[in-house]
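The values are calculated or read from the model by the stated rules, or taken from the named source; none is laboratory data. Please read all numbers here as calculations on a predicted model, not as lab measurements. Here the Cβ is made from the backbone with ideal geometry for all residues, glycine too, and neighbour counts use every protein chain on show.
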């Protein structure tokens, strides 16, 4: 990742401010050291509008335009931890992960160094183009981008060792479950606005194990391409 002065930040985007965020995440149960380190080092202020940069290390979602938001750091950390927590580092370096809903690329930047390959889909063309350039500017090289309908997954690259989504469908899409490898995990918010829960589904030899990780609030999972 590029390590210029702007990435390091000053004032409300400085290392001290980031450490306060890390402490808060630890108090909320985020304990995976590599996940915490990624939250610490990824310059979140570069993923929001400059007018909102002073709020970048608050534990809150922020608007990024196009009716989308950058998820709060706790949710990004929780989803990342849920996806990788039982894997050792060697195993993860060969892992193939699908992200649906690239958005501004913050979740992508946090997750990408922790896995072997990251495939990411964004349905909003303007966000797709802007974010692809941002991540390239940050020297993030193990990510493949696609402007497409996330409801379809990425069948040409399946099966995946993990799938993570940044929007909430009414029910778990069967097509995503089918694109998981055996042992792979799908981390996904599900349900209508005000009644959403974050789920982790793990594919087994004879089905899927389901866990509820907590109540969340995400934008709806929309089909089609803008």
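Residue 192 fails exactly one of the following numbered conditions: (1) modelled with pLDDT under 95; (2) surrounded by 14 or more Cβ atoms within 10 Å (Cβ to Cβ). What is the number of that condition?
The single condition residue 192 does not satisfy is (2).
With the condition kept exactly as written, say whether any residue in segment 178-185 is within 14 Å of residue 118 (Cα to Cα) and surrounded by fewer than 17 Cβ atoms within 10 Å (Cβ to Cβ).
Taking every residue of segment 178-185 in turn, none turns out to be within 14 Å of residue 118 (Cα to Cα) and surrounded by fewer than 17 Cβ atoms within 10 Å (Cβ to Cβ).
If the requirement is being surrounded by 17 or more Cβ atoms within 10 Å (Cβ to Cβ), in contact with a strand residue (DSSP E or B) (Cβ under 9 Å, 6 or more places away or on another chain) and modelled with pLDDT of 85 or more, which of these qualifies: 106, 57?
Among 106, 57, only 106 is surrounded by 17 or more Cβ atoms within 10 Å (Cβ to Cβ), in contact with a strand residue (DSSP E or B) (Cβ under 9 Å, 6 or more places away or on another chain) and modelled with pLDDT of 85 or more.
Could you check segment 62-84 and list, in sequence order, the residues that are surrounded by fewer than 23 Cβ atoms within 10 Å (Cβ to Cβ), touching a helix residue (DSSP H, G or I) at 6+ places or on another chain (Cβ under 8 Å) and in contact (Cβ under 8 Å) with a residue 40 or more places away in the chain?
Selection gives 64, 65, 66, 68, 74, 81.
Of all residues in segment 19-41, count the ones that are under 16 Å from the mean Cα position of the chain (by Cα) and part of a loop (DSSP other than H, G, I, E, B).
2
For segment 90-203, list the helices (runs of 4 or more DSSP H) that sit wholly inside it and hold at least 2 residues that are touching a residue at least 24 places away in the same chain (Cβ under 8 Å) and under 16 Å from the mean Cα position of the chain (by Cα); which are they?
106-111, 125-137
Take segment 42-54 and flag every residue that is part of a loop (DSSP other than H, G, I, E, B) and at pLDDT 90 or above.
Listed by number, the residues that qualify are 42, 43, 48.
Looking only at segment 165-177, which residues are farther than 21 Å from residue 71 by Cα and surrounded by fewer than 14 Cβ atoms within 10 Å (Cβ to Cβ)?
Residues satisfying the conditions are 174, 175.
Checking the conditions here, which among 126, 53 is more than 21 Å from residue 199 (Cβ to Cβ) and in contact with a helix residue (DSSP H, G or I) (Cβ under 6 Å, 6 or more places away or on another chain)?
Of the residues listed, the single one that is more than 21 Å from residue 199 (Cβ to Cβ) and in contact with a helix residue (DSSP H, G or I) (Cβ under 6 Å, 6 or more places away or on another chain) is 53.
Mind telling me which of the residues 150, 162 ends up being surrounded by 14 or more Cβ atoms within 10 Å (Cβ to Cβ), at pLDDT 95 or above and in contact with a strand residue (DSSP E or B) (Cβ under 7 Å, 6 or more places away or on another chain)?
Matching residue, one of 150, 162: 162.
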